[in-house]
Amino acid sequence: MEQVRAEKYRRSLREFTKASWPTIEPGVPFKNNWHIDAISDHLQAVVEGDIKRLIINVPPRHMKSISVAVALPAWTWAHQPHKKFLYASYASSLSIRDSTKCRRLIDSPWYQAHFGDKFNLTDDQNQKQRFENDKTGYRIATSVGGALTGDGGDIICIDDPHNSVEADSSKVREGVLDWWDQAMQTRLNDPQTGAFVIIMQRLHEQDLTGHVLANQLGDEWDHLMLPARYEVGAPNPMKSSLGFTDPRTKEGELLWPDRIDEKTLSILERSLGSYASAGQLQQRPSPKGGGILRASWWVPWEKQDLPEIEYVLQSWDTAFEAKESSSFSARTTWGVFRHKGAMCAIVLEAWYDKVSYPELRRIAQEAYDDWEPDAVLIEKKASGQSLLQDLRMAGIPVLAYSPDRDKEARAHASSALLEDGRIYYPSDRKWAKDLIDICAAFPAHPNDDVVDTCTQAWLRLRKGWFVGHSEDPEDDEPVEKQRITLYG
């Protein structure tokens with residue numbers, strides 16, 4: 001009986017994945033779904049030589065890495081132990097995580113009982129990044145841009161090449177594309193029989209999927225696209241040489257309702273916003289209607305009096321010097337308040353101009369005296385570094401902001417808060433409407449400095465940590481004062 005089961009697992013990757021699940025994720029119930037079978041069938045076709053170029057676009061948390069990076073090599077070695085695998089993800093820690101899971105599966109009593117007679121792992125090459133068997137097969141884990149030391153593969157798998165935090169940065173994104181074009185195209189051991197697999201969530205129109213399909217003989221690629229919600233009539237570029245089609249027929253029908261149900265997906269969509277949801281969840285990285293910071297998302301505060309403010313945050317973006325060709329220095333001030341059971345923020349004032357540093361310092365002091373913010377957020381660059389030090393010496397609670405992404409990426413990351421109706425403006429103030437127009441025109445508007453003050457403030461508020469002043473003037477991150485989250 002066990003031999004019959006082993007033959008069944010060996011014949012079908014989908015059966016192997018289901019059978020090995022208790023070993024891969026012990027204690028976690030396996031929730032089968034048609035999309036797992038579709039992924040397994042296409043990966044099996046790669047191993048059997050029927051598909052040589054495969055792209056799979058699927059939302060996060062839908063078993064993509066376990067299918068392609070853990071189950072696939074272990075299943076393949078059960079009947080083709082000579083196969084050589086090369087894996088790469090945007091971070092080496094992710095590649096190593098899945099390599100470790102794969103090795104543990106192979107070492108498990110379950111696997112050894114069924115396939116232990118097919119090969120042995122070699123002692124001299126049995127590491128987290130690389131392990132080999134005595135039939136010349138190996139599995140190598142690396143990162144995008146990482147050193148490959150001359151190694152290639154029979155099957156090269158790119159699993160999440162982009163970091164979702166950095167994919168909107170053109171510099172970082174183009175670095176991934178250059179790595180693919182210049183480093184990976186020559187890594188197949190046999191270009192005629194070898195295969196590439198790219199499995200990822202869509203993050204940008206010009207991410208690796210978009211780049212490959214547009215520029216590198218996209219007609220040669222099988223494309224399995226699996227959106228979180230089915231969209232009737234939506235353009236579907238999926239092309240499967242196996243004849244697979246999405247079995248869903250109803251608008252909004254979920255991809256994996258037993259795991260990601262309506263409530264869970266709705267919360268995720270709300271948190272991500274339409275831009276990120278369009279890519280990461282729907283696999284079409286461009287929101288219907290376009291725009292990053294749409295004017296229609298701002299909520300007018302119609303009452304004469306402002307709401308009861310619980311916390312005030314002042315946000316600065318400073319320029320190098322006051323000359324016509326330089327950028328603006330800019331400031332916005334935000335008040336956090338509770339409204340209809342939710343935490344919201346309203347812009348209290350906005351300012352931007354081209355000024356000298358002594359004047360900038362004076363204006364910053366006056367703005368603090370006028371609004372008495374709980375914290376002053378300043379980007380740590382240009383004259384901002386000097387302003388940070390001077391204001392701290394004056395006893396002002398300053399937060400140093402060191403952006404980890406470019407302007408457009410920050411706008412995309414913060415837009416969910418705006419889209420969710422958490423950002424208000426006083427409806428009777430012309431300056432507020434001007435600010436909204438500038439944000440709506442971003443990144444085409446020449447004054448993106450005031451936009452930076454908005455997005456860095458929103459990111460701070462979205463993070464949910466409101467802080468006060470540090471006793472240490474050299475500390476870039478002041479000590480915690482109170483914790484309020486706009487999604488609390």
Candidate set: the range 106-146, residues that are within 36 Å of the chain's Cα centre (by Cα) and touching a residue at least 60 places away in the same chain (Cβ under 8 Å); chosen: the one surrounded by the most Cβ atoms within 10 Å (Cβ to Cβ): R139
Cross-chain or 6+ apart pairs with Cβ under 6 Å, the range 248-272 first and under 21 Å from M63 (Cβ atoms) and in contact (Cβ under 8 Å) with a residue 40 or more places away in the chain, then assigned to a loop (DSSP other than H, G, I, E, B) and of a type in the set (S, T, N, Q): W256/N33
Selection from the range 401-427 of residues that are within 17 Å of T333 (Cα to Cα) and out of contact with any Pro (no Cβ under 9 Å at 6 or more places or on another chain): Y401, S414, L417, L418, R422, I423
Qualifying strands (runs of 3 or more DSSP E) (wholly inside the range 363-458; at least 1 residues being buried (at least 18 other Cβ atoms within 10 Å of the Cβ), at pLDDT 95 or above and not assigned by TED's automatic domain parsing to the domain that holds E308): none
Selection count where residues are out of contact with any Leu (no Cβ under 9 Å at 6 or more places or on another chain) and at pLDDT 80 or above, scope the range 121-143: 9
Subset of the range 330-348 [of a type in the set (G, A, S), more than 17 Å from D370 (Cα to Cα) and assigned to a strand (DSSP E or B)]: A342, A345
Answer residue from the range 65-84, given it is in a helix (DSSP H, G or I) and more than 29 Å from the chain's Cα centre (by Cα) and is surrounded by the fewest Cβ atoms within 10 Å (Cβ to Cβ) among those: W77
Some residue of the range 167-180 being within 33 Å of the chain's Cα centre (by Cα) and under 28 Å from S12 (Cβ atoms): no
Residue within the range 323-341 that is among the acidic types (D, E) and in contact with a strand residue (DSSP E or B) (Cβ under 6 Å, 6 or more places away or on another chain) present: no
Meets criteria (within 25 Å of Y311 (Cβ to Cβ), of a type in the set (D, E) and without any contact (Cβ under 8 Å) to a residue 12 or more places away in the chain) for E372: no
Test: A167 is surrounded by 20 or more Cβ atoms within 10 Å (Cβ to Cβ), assigned by TED's automatic domain parsing to the domain that holds E48, assigned to a loop (DSSP other than H, G, I, E, B) and hydrophobic (A, V, I, L, M, F, W, C): yes
Criterion (acidic (D, E) and surrounded by 21 or more Cβ atoms within 10 Å (Cβ to Cβ)) met by exactly one of D98, D37: D98
Criterion (under 21 Å from G194 (Cβ atoms) and out of contact with any helix residue (DSSP H, G or I) (no Cβ under 8 Å at 6 or more places or on another chain)) met by exactly one of D154, D159, D107, D98: D154
Residue within the range 44-59 that is part of a helix (DSSP H, G or I), of a type in the set (D, E) and assigned by TED's automatic domain parsing to the domain that holds K128 present: no
Residue count, the range 168-195 (criterion: β-branched (V, I, T), at pLDDT 90 or above and under 28 Å from E48 (Cβ atoms)): 1
Leading residue by the ranking (nearest to A440 (Cα to Cα)) among those in the range 279-322 that are of a type in the set (S, T, N, Q) and either at pLDDT below 90 or not in a loop (DSSP other than H, G, I, E, B) (or both): S296
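The values are calculated or read from the model by the stated rules, or taken from the named source; none is laboratory data. Keep in mind that this is a model prediction, so the values were computed, not measured. Because the Cβ atoms are built from the backbone with ideal geometry, glycine has one as well, and the counts that use them run over all protein chains shown.
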